[in-house]
Amino acid sequence: MKKGNLSRVKDVLLKIRNIVITTHVNPDGDGISSELALYLFLRKLGKQVMIINKDPVPEMFAFLPAVDEIRVSEQIPTHPDLVIVTDCGGLERTGLKIPENYNPMVIVIDHHLTNDQNGEINLLDQDASATGELIYHLIKAMETDCPAKMDYPIALCLYTSIFTDTGSFRYSNTTSEALEVASKLLSYGINSWTVAEQVYESRPYATLRLLGRFLQTIGISRKGRFAWGSIVKEDFHKTGTREEHTEGLVNYPRSIRGVEVSVFFREMDSDLVKISMRSKGEVNVAAIAEKFGGGGHHNAAGCTMKGSMMEVRKKVLRIVSESLQDDVPEEDSVEVCG
Ligand code: 5GP
Ligand code: MN
């Protein structure tokens with residue numbers, strides 16, 4: 001992270017009054033916790049601040065403080081002086097529509113590999129475990145120059161952000177810096193089990209029925225280097241679930257011994273498919289996702305593609321086959337490609 005940018009962001013935040021905070025579409029634990037932490041801190045500073053997201057907060061994060069104050073809309077209702085975009089590269093990924101002839105100052109706070117640096121100030125660190133880790137440093141830097149201080153609710157958000165983006169402290173972004181920040185956050189009175197229980201041990205029964213259907217779709221490549229699975233709209237109807245209940249499904253194909261890349265296909269509409277990719281080790285799935293207009297991190301990335309489930313699966317699995325020098329077995333190709 002460029003220290004210069006941290007102090008520039010700090011100066012702007014201390015000065016500007018009217019602020020909107022947002023994050024990417026289909027927000028995750030890091031996006032939501034990051035914006036809530038900033039929101040709570042800026043409110044303590046007496047700022048006029050609002051969180052506006054295009055998509056609602058997944059149920060698993062309903063325990064976070066002030067979560068009910070997040071507005072779900074595609075429009076920014078006021079004309080803020082500043083829009084802060086967290087956990088993605090810029091306004092484009094937020095799905096928000098900015099009123100015409102209106103160019104607010106934009107600050108981007110993010111840790112993704114793929115980032116176009118679209119903000120006026122970009123607080124970026126690809127080595128940060130989560131956007132929440134960057135916000136921790138920002139709040140700590142601001143604390144020294146203002147009356148507002150970090151407290152339990154803010155620490156709870158930031159801990160949740162690092163906890164979820166490191167896959168409960170399992171992924172390679174579980175660096176010593178990440179653990180150091182997490183440790184400091186715990187000292188504000190956070191109970192690690194309470195967070196784990198809220199996020200991962202309080203699932204609705206229906207999500208397990210969805211998981212059952214998903215597991216039956218899992219296929220594996222000829223040499224076993226990649227695996228995939230899918231969910232279609234009917235699966236949601238049959239189980240009474242929604243897209244947020246697919247969280248974590250992509251990890252199951254990756255958990256197979258020898259698999260280096262897993263791909264999860266989710267039917268959004270008859271001609272639109274969301275793709276999530278995960279890898280173990282060497283393979284950079286962000287580079288694969290970028291080929292299809294998406295992005296992400298080295299080991300976790302995604303994109304959305306036009307086409308039927310069959311067409312999209314064929315295209316994506318062909319590219320994955322090429323990059324891994326492996327291929328889809330014939331019997332699966334028939335099923336996959338129709
Ligand atoms: P997920 O598979 O959980 O949706 O996303 C994995 C990672 O890839 C996240 O860091 C997410 O922000 C990123 N990602 C997912 N879909 C897209 C996309 O369509 N565009 C970009 N730029 N990043 C994405
Ligand atoms: Mn993140």
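The values are calculated or read from the model by the stated rules, or taken from the named source; none is laboratory data. None of the values given here were measured: they were computed from a predicted structure. Methodologically, a virtual Cβ is constructed for each residue, glycine included, from the backbone with ideal geometry; neighbour enumeration extends over all protein chains shown. Each accessible area value is taken on the protein alone, full model and side chains, heavy atoms only, with ligands, DNA and RNA left out. Shrake-Rupley method; radii C 1.70, N 1.55, O 1.52, S 1.80 Å.
Using a Förster distance of 51 angstrom, determine the FRET efficiency expected from the C-beta separation of Arg17 and Arg203, and round it to 0.05. Walk me through the numbers on the way to the answer.
Values: r = 41 Å, r/R0 = 0.80.
With R0 = 51 Å, the Cβ-Cβ based efficiency is 0.80.
Using Cα pairs closer than 8 Å and at least 6 residues apart in sequence, work out the relative contact order for the chain, in percent.
Relative contact order comes out at 12 percent.
Report in % the part of the accessible area of the chain that belongs to carbon and sulfur, leaving out ligands and nucleic acids; probe 1.4 Å. Each step should come with its number before you reach the end.
Details: 7420 of 15410 Å².
Within the chain, the accessible surface is 48 percent carbon and sulfur.
Using a 1.4 angstrom probe, figure out how much accessible area the chain has per residue, in square angstrom, rounded to the nearest whole.
46
Quick one: which of 206-218, 133-145 comes out on top by average Cβ neighbours within 10 Å, and what's the full order, highest first? Before the final figure, lay out the partial values.
On the way: 206-218: 16.0, 133-145: 19.5.
The most tightly packed comes first, giving 133-145, 206-218.
Using only DSSP helix segments of four residues or longer, with each worth -39500 (n - 2.57), what per-residue ellipticity at 222 nm results for the chain after dividing by its residue count and rounding to 500?
So the helix-based figure for the chain works out to -11500 deg cm²/dmol.
From the P(r) of the chain, could you give the percentage of C-alpha pairs in the tail past 24 Å?
It works out to 56 percent of all Cα pairs.
Rounded, prolate or oblate: which fits segment 161-299 when a ≥ b ≥ c are the square roots of the eigenvalues of the alpha-carbon gyration tensor, with rounded for a/c under 1.5 and prolate only if a/b beats b/c?
oblate
Considering only the chain, what is the antiparallel percent among its DSSP beta bridges, to the nearest 5?
Once the DSSP bridges in the chain are tallied, antiparallel ones form about 40 percent.
What nm distance separates the two modelled labels at Thr194 and Lys315, each placed 7 Å from Cα along Cα→Cβ?
The modelled label-to-label distance comes out at 4.7 nm.
If packing is taken as the average number of other Cβ atoms within 10 Å across a peptide's residues, how do 159-168, 96-105, 239-248, 61-70 rank, most packed first?
159-168, 239-248, 61-70, 96-105
Can you tell me which of 269-275, 174-180 comes out highest on packing, and rank the rest after it, using the mean Cβ neighbours within 10 Å?
Output ranking for 269-275, 174-180: 269-275, 174-180.
Take a quick pass over segment 1-111 and tell me how many lysine pairs come in under 22 angstrom between Cα atoms, counting only ones 8 or more apart or on separate chains.
8
List the lysines whose Cα sits under 20 Å from the Cα of Lys223, skipping any in the same chain fewer than 8 residues away.
Excluding near neighbours in sequence, the set is Lys280, Lys314, Lys315.
Kindly sort Met60, Met268 by accessible area of their heavy atoms, largest first, with the probe set to 1.4 Å.
Descending order: Met268, Met60.
Along the Cα-to-Cβ line of Val67, 7 Å from the Cα, sits a label point; which residues in segment 231-261 have backbone N less than 20 Å from it?
Counting backbone N atoms under 20 Å from the label point, the list is 241-249.
Taking the alpha-carbon distance from Lys184 and a cut-off under 16 Å, which lysines remain once sequence neighbours fewer than 8 residues away in the same chain are dropped?
Of all the lysines, those that pass the test against Lys184 - Cα under 16 Å, at least 8 places apart if same chain - are Lys140, Lys149.
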